[in-house]
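Trainee: Starting off with a structure, shown below.
The values are calculated or read from the model by the stated rules, or taken from the named source; none is laboratory data. Remember, predicted model here, so these are calculated numbers, not experimental data. Using ideal geometry, Cβ is built from the backbone for each residue, glycine included, and neighbour counts are taken over all protein chains shown. Heads up: the accessible areas ignore ligands, DNA and RNA and are worked out on the full protein's heavy atoms, side chains in. Shrake-Rupley method; radii C 1.70, N 1.55, O 1.52, S 1.80 Å.
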Amino acid sequence: MYIHSTYKLINSNTSVKEYRKELKEISKINLRRSSKFNILAVLGALRATKDINLGQNLGIYIASEYGPINDVYKLMQTINEENNIVMPFDFLNVNSNNVSFYVSQALNAKGKNMLLTSQYLSFEKSLQLAQFELEIDEISDILIGAVDESLDEVKDYEKYVSFANNQASKDGSCWLYLNNDKSNSLGKITNIQEFSSSKELIDSIKDSYTKISFNQFAQNDETITSKFDSKKVIDQKDFFGCEGALRVLELLEYKGEHLYIAKDVNNNFITIELKI
């Protein structure tokens with residue numbers, strides 16, 4: 001799969017009004033009452049494809065760890081308070097599946113669209129599915145995004161979400177546009193592979209990688225990290241829910257053959273190999 005366009009938005013917790021303002025400057029789509037989650041997704045997708053002539057058989061894949069978590073949290077607060085009425089848009093905004101429809105509408109895309117989540121590996125699993133459907137000609141082009149809101153406004157979120165590192169949770173909307181056309185590409189995803197143990201993963205590692213990147217759980221697995229020259233490992237400063245997309249975009253900044261390693265809390269691994 002060849003990468004033709006990317007976009008990265010990583011911000012500290014930002015008001016939805018700010019994102020609506022930015023969206024209004026580039027699109028006429030009416031999302032005035034929509035969730036921050038939907039706005040982040042549409043904003044990122046439009047910016048990722050602004051110089052792209054979209055194919056007729058475009059597959060849109062949106063990965064998310066938390067979905068519209070802030071709207072869910074606000075809705076539950078409203079329900080638990082006496083004499084408060086839940087408004088219709090409050091219900092609409094907690095429906096995660098709306099997001100892929102809004103992205104398709106904004107892009108005037110007619111192909112398939114979907115939202116996918118897989119605990120701690122949402123982007124990785126989504127990219128894996130997109131690759132498979134490209135290989136069997138189910139689609140001809142891929143637009144894949146990873147979208148998550150900051151958790152700062154969710155009280156005691158640490159009780160429900162596992163973190164391996166003490167990193168601030170940020171707003172994120174990261175996108176890639178890919179297909180099988182090599183011409184004018186930015187780089188290539190050469191392989192996506194799953195492993196059920198660290199031993200299987202270690203046995204597959206090559207010496208030729210130029211840069212290495214890890215998600216938060218792999219970064220804290222010394223069995224894995226000890227196998228690499230620390231000078232090749234990218235210093236990871238930012239974090240958001242679907243961090244895999246961010247790590248892949250970081251690798252695109254370097255020439256060479258690269259490896260991204262993702263791990264979940266159940267010791268399952270996915271690797272993504274890139275050539276830039």
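Trainee: All but one of (1) in contact with a Ser or Thr (Cβ under 7 Å, 6 or more places away or on another chain); (2) within 16 Å of GLY67 (Cα to Cα); (3) among the hydrophobic types (A, V, I, L, M, F, W, C) hold for ILE3, so report the exception by its number.
Mentor: In the conditions (1) in contact with a Ser or Thr (Cβ under 7 Å, 6 or more places away or on another chain); (2) within 16 Å of GLY67 (Cα to Cα); (3) among the hydrophobic types (A, V, I, L, M, F, W, C), ILE3 misses (2) alone.
Trainee: Which ones in segment 106-142 are of a type outside the set (Gly, Ala, Ser), closer than 19 Å to ALA245 by Cα and touching an Asp or Glu at 6+ places or on another chain (Cβ under 6 Å)?
Mentor: Residues satisfying the conditions are TYR120, LEU121.
Trainee: Report, by residue number, each residue of segment 105-125 that is in a helix (DSSP H, G or I) and over 17 Å from the mean Cα position of the chain (by Cα).
Mentor: GLN105, ALA106, LEU107
Trainee: Additional query: Restricting attention to segment 177-215, which residues are farther than 17 Å from GLY241 by Cβ and touching a Gly at 6+ places or on another chain (Cβ under 8 Å)?
Mentor: The answer is ASN179, TYR209, THR210, LYS211.
Trainee: Hey, among ILE52, ILE60, which residue is part of a strand (DSSP E or B) and either at pLDDT 90 or above or not aliphatic (A, V, I, L, M) (or both)?
Mentor: Answer to the check: ILE60.
Let's see how each residue does on (1) out of contact with any helix residue (DSSP H, G or I) (no Cβ under 8 Å at 6 or more places or on another chain); (2) without any contact (Cβ under 8 Å) to a residue 24 or more places away in the chain:
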| residue | (1), (2) |
| --- | --- |
| GLU149 | no, no |
| GLU158 | yes, yes |
| LEU176 | no, no |
| ASN191 | yes, no |
| SER198 | no, no |
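Trainee: For residues in segment 12-47 being open to solvent by 50 Å² or more (accessible area, probe 1.4 Å) and of a type outside the set (Lys, Arg), which is nearest to SER100 (Cα to Cα)? Working first, answer last.
Mentor: Quick first cut of segment 12-47, residues open to solvent by 50 Å² or more (accessible area, probe 1.4 Å) only: 12-13, 15, 17-18, 20-22, 24-26, 28, 30, 32-33, 47.
Subsequent filtering for residues that are of a type outside the set (Lys, Arg) retains 12-13, 15, 18, 22, 25-26, 30.
Values: SER12: 24, ASN13: 22, SER15: 22, GLU18: 21, GLU22: 19, GLU25: 21, ILE26: 18, ASN30: 15 Å.
Checked segment 12-47; the qualifying residue nearest to SER100 (Cα to Cα) is ASN30.
Trainee: Residue by residue through segment 105-148, note down the ones that are under 25 Å from PHE217 (Cβ atoms) and among the hydroxyl-bearing types (Ser, Thr, Tyr).
Mentor: THR117, SER118, TYR120, SER122, SER126
Trainee: Just checking, how many residues over segment 1-58 are under 26 Å from GLU153 (Cβ atoms) and hydroxyl-bearing (Ser, Thr, Tyr)?
Mentor: Residues in segment 1-58 being under 26 Å from GLU153 (Cβ atoms) and hydroxyl-bearing (Ser, Thr, Tyr): 8 in total.
Trainee: Taking the condition of being open to solvent by 60 Å² or more (accessible area, probe 1.4 Å) and not in a helix (DSSP H, G or I), how many residues in segment 190-209 meet it? First the steps, then the outcome.
Mentor: Pass one, segment 190-209, residues open to solvent by 60 Å² or more (accessible area, probe 1.4 Å): 190, 193-194, 196, 199-200, 203, 206-208.
Adding the requirement that they be not in a helix (DSSP H, G or I) leaves 190, 193-194, 196, 206-208.
Going through segment 190-209 one residue at a time, the tally reaches 7.
Trainee: Checking the conditions here, which among ALA168, ALA218 is of a type in the set (A, V, I, L, M) and farther than 30 Å from ASN98 by Cβ?
Mentor: Just a single option satisfies the conditions, and that option is ALA218.
Trainee: On to the next question. I'm checking my understanding of the structure. Among residues of segment 227-254 that are in a loop (DSSP other than H, G, I, E, B) and in contact with a Phe, Trp or Tyr (Cβ under 6 Å, 6 or more places away or on another chain), which one is surrounded by the most Cβ atoms within 10 Å (Cβ to Cβ)?
Mentor: Here the residue is GLY241.
Trainee: Go through segment 148-162 and count every residue that is open to solvent by 60 Å² or more (accessible area, probe 1.4 Å) and assigned to a loop (DSSP other than H, G, I, E, B).
Mentor: The qualifying residues number 5.
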